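Here the structure is laid out as structure tokens; the discussion comes afterwards.
The values are calculated or read from the model by the stated rules, or taken from the named source; none is laboratory data. Fair warning: this is a prediction, and the values are worked out from it, not measured in the lab. Every residue, glycine as well, gets a Cβ built from its backbone with ideal geometry; the counts of neighbours run over all protein chains shown. Accessible surface is based on the protein model in full, side chains and every heavy atom, while ligands, DNA and RNA are left aside. Shrake-Rupley method; radii C 1.70, N 1.55, O 1.52, S 1.80 Å.
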Amino acid sequence: MSNFKLGLKFAEELDQNDDLSSFRSQFYIPKDKNGNELIYMTGNSLGLQPKITKSYINQELEDWANLGVEGHTEGKNPWLHYHEFLTETMAKIVGAKPMEVVVMNSLTANLHFMMVSFYKPTPKRYKILIEADAFPSDKYAVESQLRHHGYDEKDGLVLWKARKGEELANYDDLEEILKSQGDDIALVMIGGVNYYTGQFFDLKRITKLGHQHGCMVGFDCAHGAGNVQLNLHDSGADFAVWCSYKYLNSGPGSLSGVFVNERHAHRKDLNRFTGWWSHNKQTRFKMRDDFDQLPGAEGWQLSNPPILSMAAIRASLDVFKDAGFDKLCKKSNRLTGYFEFLINNLNHKEIKIITPKDPKQRGCQLSIQVKNADRTLHGKLMQAGIVTDWREPDVIRCAPVPLYNSFMDVYGFVEKLKTILVISQG
């Protein structure tokens, strides 16, 4: 039984007793044309801007203006090593060792770079296994890798499907796929948290299964980083990638993170694309030396980093450091649990939460299926001051983010949804 109650007063009490409630004021909350704050539930798509971000970026603009090229070594935060400022906090958030993590490039580009190293097909073992409802970009990327290596994507793509009439993937089915086709599968590449259902997969279990059958295993953690405890090192995964603009609040299209397990840190036999930023830091600027690969995840870098984007990431990571990621995850469980409680108490026959009920199998996102609804419901929510994310055919994705969403946000959302559904039934 939950210890939640109905009513406005209880929502107010939850906020009053929330040790992290002050962090909301550190973010810009979008407002309507009348200056009223919107209920923003789409941190799973684009996180809100921390108020300190502008000053972090401005510092680098000032150093560029005042120092020019000397900013690489003489700036307040020397650009030459800027990516290193992000590593320790990012590693803690994803549960990795610092040498296993680097921030670079964009998400799908990094996925391709990882597959250059960890997808090594042979005539016998060439298939790639993904979840059937993977984020489209992941599916397109692995299909193009199959084509690049001369394989037909329809033959080479193995889909882990939910059972008929169900939304969530079942691990028994994954085991059966690997028992029957494991010798043909070169790579298992799963979204750590499914973008549509919000299902948080058991990364350690999947990795163990994949490795038992001789497969490489990687994860796209775009919907996991900054949302759930990924524990990437302990999972045993070979690699993982994630973006920083969702739960990590670094701004639209900002840089991606990469995890490479430390057992691959010193491997020079792995095929990879290289550039001067993956070369030995001590001799990088001698220019005429033969390539000398950096150990660890840094050895997958290609180019010098885009500082302005990294400054925004650094700002957000400093907010995470102040809040404490363990505390944020604890609040997230309570915030989403309260959200679930209120939705279930609507007792609306058309509403179904398709996200797992077990808090250990989800993050903050709840995917709410509204049967017989269409995109006009999303429009009505927007008119009511609620920003959500509609996914065809009938799902609203909502993510109460613990850094800036309140229990009152959740309460207000459900009250307005209740009103809209009554009006819609009319």
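For region 205-235, which residues satisfy the criterion of being among the polar types (S, T, N, Q) and either within 18 Å of the chain's Cα centre (by Cα) or outside any helix (DSSP H, G or I) (or both)? Break it down stepwise before answering.
At the first step, the residues of region 205-235 found to be among the polar types (S, T, N, Q) are 207, 212, 227, 229, 231, 235.
Once the filter is applied, which keeps residues that are among the polar types (S, T, N, Q) and either within 18 Å of the chain's Cα centre (by Cα) or outside any helix (DSSP H, G or I) (or both), region 205-235 yields Asn227, Gln229, Asn231, Ser235.
Kindly provide the set of residues from region 264-286 that are aromatic (Phe, Trp, Tyr) and open to solvent by 20 Å² or more (accessible area, probe 1.4 Å), ordered by number.
Residues of region 264-286 aromatic (Phe, Trp, Tyr): 273, 276-277, 285.
Passing the criteria: Phe273, Trp276, Phe285.
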Within the bounds of region 71-84, is there any residue that is at pLDDT 95 or above and surrounded by fewer than 12 Cβ atoms within 10 Å (Cβ to Cβ)?
yes
Confirm whether Asn44 is assigned to a loop (DSSP other than H, G, I, E, B), open to solvent by 80 Å² or more (accessible area, probe 1.4 Å) and closer than 30 Å to Val414 by Cβ.
no
Can you name every residue in region 405-422 that is open to solvent by 60 Å² or more (accessible area, probe 1.4 Å) and touching a residue at least 12 places away in the same chain (Cβ under 8 Å)?
Met408, Lys416, Lys418, Thr419
Take region 63-105 and flag every residue that is closer than 18 Å to Phe320 by Cβ and small (Gly, Ala, Ser).
Ala91, Gly95, Ala96
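Among the helices (runs of 4 or more DSSP H) contained in region 287-404, which hold 2 or more residues that are open to solvent by 20 Å² or more (accessible area, probe 1.4 Å), touching a residue at least 60 places away in the same chain (Cβ under 8 Å) and within 29 Å of Leu8 (Cα to Cα)?
Details: elements: 307-323, 325-344, 375-383.
Once the helices (runs of 4 or more DSSP H) in region 287-404 are filtered for at least 2 residues that are open to solvent by 20 Å² or more (accessible area, probe 1.4 Å), touching a residue at least 60 places away in the same chain (Cβ under 8 Å) and within 29 Å of Leu8 (Cα to Cα), what remains is 325-344.
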Could you tell me how many of the residues in region 170-187 are part of a strand (DSSP E or B) and either among the small types (Gly, Ala, Ser) or without any contact (Cβ under 8 Å) to a residue 60 or more places away in the chain (or both)?
1
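Would region 123-134 turn up any residue that is in a helix (DSSP H, G or I), modelled with pLDDT of 95 or more and open to solvent by 30 Å² or more (accessible area, probe 1.4 Å)?
Of all residues in region 123-134, those in a helix (DSSP H, G or I) come to none.
No.
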Return yes when Ile190 is under 20 Å from the mean Cα position of the chain (by Cα) and under 19 Å from Glu143 (Cβ atoms) and no when it is not.
yes
Only residues in region 156-168 that are in contact (Cβ under 8 Å) with a residue 12 or more places away in the chain count as the first member; pair them with residues that are outside any loop (DSSP other than H, G, I, E, B) and among the basic types (Lys, Arg), Cβ under 6 angstrom, at least 6 apart or cross-chain, and list the lot.
Gly156/Lys127; Val158/Lys127
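For the subset of region 236-263 comprising residues that are outside any loop (DSSP other than H, G, I, E, B) and open to solvent by 10 Å² or more (accessible area, probe 1.4 Å), which member is nearest to Met99 (Cα to Cα)?
So in region 236-263, the residues outside any loop (DSSP other than H, G, I, E, B) come out as 239-243, 256-260, 262-263.
Checking which are open to solvent by 10 Å² or more (accessible area, probe 1.4 Å) leaves us with 262-263.
Values: Glu262: 7, Arg263: 11 Å.
Among residues in region 236-263 that are outside any loop (DSSP other than H, G, I, E, B) and open to solvent by 10 Å² or more (accessible area, probe 1.4 Å), the one nearest to Met99 (Cα to Cα) is Glu262.
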Among the residues of region 114-132, are any in contact (Cβ under 8 Å) with a residue 24 or more places away in the chain, in contact with a strand residue (DSSP E or B) (Cβ under 6 Å, 6 or more places away or on another chain) and under 30 Å from Asp318 (Cα atoms)?
yes
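Could you check, for region 111-121, whether at least one of its residues is touching a Pro at 6+ places or on another chain (Cβ under 9 Å), open to solvent by less than 40 Å² (accessible area, probe 1.4 Å) and not in a loop (DSSP other than H, G, I, E, B)? First the steps, then the outcome.
Step one: of region 111-121, the residues touching a Pro at 6+ places or on another chain (Cβ under 9 Å) are none.
Checking region 111-121: not a single residue is touching a Pro at 6+ places or on another chain (Cβ under 9 Å), open to solvent by less than 40 Å² (accessible area, probe 1.4 Å) and not in a loop (DSSP other than H, G, I, E, B).
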Among the residues of region 345-358, are any within 19 Å of the chain's Cα centre (by Cα) and either at positive phi or charged (D, E, K, R) (or both)?
no
